[in-house]
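Single-structure report; data block below.
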Amino acid sequence: MQRSSRLSGFYQLGQEERLDLVKSHCELDDATIKALKDSSALPFDLVNRLVENAIGGFTVPLGIATNMIIDGQDILIPMATEESSVIAAVGNTAKQCRETGGFFTSLSGTEMIAQVQIINLSDPWSARAKVLERKTEIAEICNACDPVLIKLGGGFRDLEVRIIDTRSGPMVVVHLIVDTRDAMGANAVNTMAETLAPKLSEWTGGKHHLRILSNLADRRVARARAVWQAETIGGAEIVQGIMAAADFADADPYRAATHNKGIMNGVSAVTLATGNDTRAIEAGAHAFAARTGRYRSLSHYEVTPEGNLAGSIELPMALGMVGGATKVHPTAQACLKILGVTSAAQLSGIAAAVGLAQNFGALKALATVGIQQGHMALHAQNVAIAAGAVGDEIALVAQRMADAKTIRQDVAESILVSLRQA
Ligand code: NAD
């Protein structure tokens, strides 16, 4: 039975009650709940295997964004982030587009690109032709590297050979296009590139140099769209305000950087929660945003014929369900269970939808009351803690700072002193 992600009042519950709701909503077992509840779910021997010179773990808050409908499914979204307001913004935004069906997503494919650089060539065009002649042989060499991937329907798909002009002269760059299915695929394609490279030197007479995937995963582009009805979000003026804010971001790189950072607040939180590589996703997104030669917005907003606001987003999304930390991190596994996803394609669509939700939330706040009102209320609690407040003092100090409309550590400290004296 499908349950609604519209968990009204979720934010007012305690940890146990929230976990109980998530448990029954997602039909989770006790081990999964334990992994979620225990914020240091990584045993040291695992930490020690994941990174070098390990000394411990670093815990990031994990929360649930409610209200999301994605491709007709009500989905609870686990988000790992240290930033306040991010999870609340996604839930609020999602609530405002439930009546239009929520978010709809697609993925262009699950292909990654590995690059092999060939240098010391006086005849790059001949070298290019020689490589392209060997496509069948190249496919065989690549596919032999990963029988598991081939069994799962993935493997080599295509070959591109580019000639690029550089300060060191022309270079040949071979692109291996590989379907990595439910893996992010970095290790998979890097192995293929390293295995093939000596052959490329042999065939071209040049020297192979770098052999590594490209994080500009533009054959793995996730898309999401949603419509917010004008009357639900406050009327035509707000629609126009959001349009002007979105157009500003698309026209100006200074604004676009912050606009896209807001999108990545959502995307990276889902990426981290599922044990995926946040840097890979960030690098891909920003390179994609600059693909026209100018850094631009990753999202688009339009007014529908009915006067409603249609938002859409498109960005590379090299997320995996296997490999990396995803398979070994117990909390990442628990988060995948909460999402209920069975493929990297589904996961990618969800991350794109969360990015769009986050983006709409930020634009609406910026175009109306400003970002600080919502943000500072939550931020005030962090300032109170930094000033030394504990237990009930935290909410009291935060409230007094909010009442005084001044949220600063020195103010928090003096409120704390007067509270304690009283
Ligand atoms: P991986 O090598 O751990 O796992 C992928 C392998 O799992 C596949 O090659 C396949 O053999 C197997 N597999 C099992 N079930 C599969 C399925 N359903 N679909 C596809 N493959 C399946 O991991 P990976 O995804 O190749 O690499 C990801 C890791 O590489 C991340 O930890 C990332 O941080 C790291 N990395 C990233 C970069 C970069 O982004 N520039 C560079 C190097 C390494």
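The values are calculated or read from the model by the stated rules, or taken from the named source; none is laboratory data. Predicted, not measured: the structure shown is a model, and the values here were computed from it. Note that we place each Cβ from the backbone using ideal geometry, even for glycine, and neighbour counts take in every protein chain shown.
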Report task. Go through (1) within 16 Å of the ligand (Cβ to nearest atom); (2) over 12 Å from the mean Cα position of the chain (by Cα); (3) modelled with pLDDT of 95 or more one by one and return the number of the condition A325 breaks. Result -> (3)
Requested in this report: Output the number of the condition that W203 fails; it satisfies all remaining conditions of (1) of a type in the set (F, W, Y); (2) more than 16 Å from the ligand (Cβ to nearest atom); (3) crowded, with 21+ Cβ neighbours inside 10 Å.
Outcome: (3)
Query - Where a residue in the range 316-338 is over 30 Å from R291 (Cα atoms) and its partner, wherever it lies, is modelled with pLDDT of 95 or more and assigned to a helix (DSSP H, G or I), with Cβ under 6 Å and at least six apart - result: C335/A273
Query raised in the report: Can you find even one residue in the range 49-62 that is assigned to a helix (DSSP H, G or I) and modelled with pLDDT under 90?
Result: yes
Query - Neighbours by Cβ (under 8 Å, 6+ apart or cross-chain): first from the range 205-227, on the phi < 0 side of the Ramachandran plot and in a loop (DSSP other than H, G, I, E, B); second away from the ligand (no atom under 16 Å from the Cβ) and basic (K, R) - result: L216/R291; D218/R291
Query raised in the report: So which strands (runs of 3 or more DSSP E) stay within the range 108-195 end to end and still have 2 or more residues that are within 16 Å of the ligand (Cβ to nearest atom), within 20 Å of G284 (Cα to Cα) and modelled with pLDDT of 95 or more?
Result: 111-119, 169-179
Report summary line: Selection from the range 260-307 of residues closer than 21 Å to M68 by Cβ and within 14 Å of the ligand (Cβ to nearest atom) yields S268, T271, L272, T274, G275, N276, T278, I281, A285
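For every residue, the table says whether it meets (1) buried (at least 20 other Cβ atoms within 10 Å of the Cβ); (2) touching a Lys or Arg at 6+ places or on another chain (Cβ under 9 Å).
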{"position": "V90", "(1), (2)": "yes, no"}
{"position": "C97", "(1), (2)": "yes, no"}
{"position": "T100", "(1), (2)": "no, no"}
{"position": "S106", "(1), (2)": "no, yes"}
{"position": "I118", "(1), (2)": "yes, yes"}
{"position": "D123", "(1), (2)": "no, no"}
{"position": "S126", "(1), (2)": "no, no"}
{"position": "A129", "(1), (2)": "no, no"}
Query raised in the report: In the range 382-405, what residues are surrounded by fewer than 14 Cβ atoms within 10 Å (Cβ to Cβ) and not aliphatic (A, V, I, L, M)?
Result: G391, D392, D403, K405
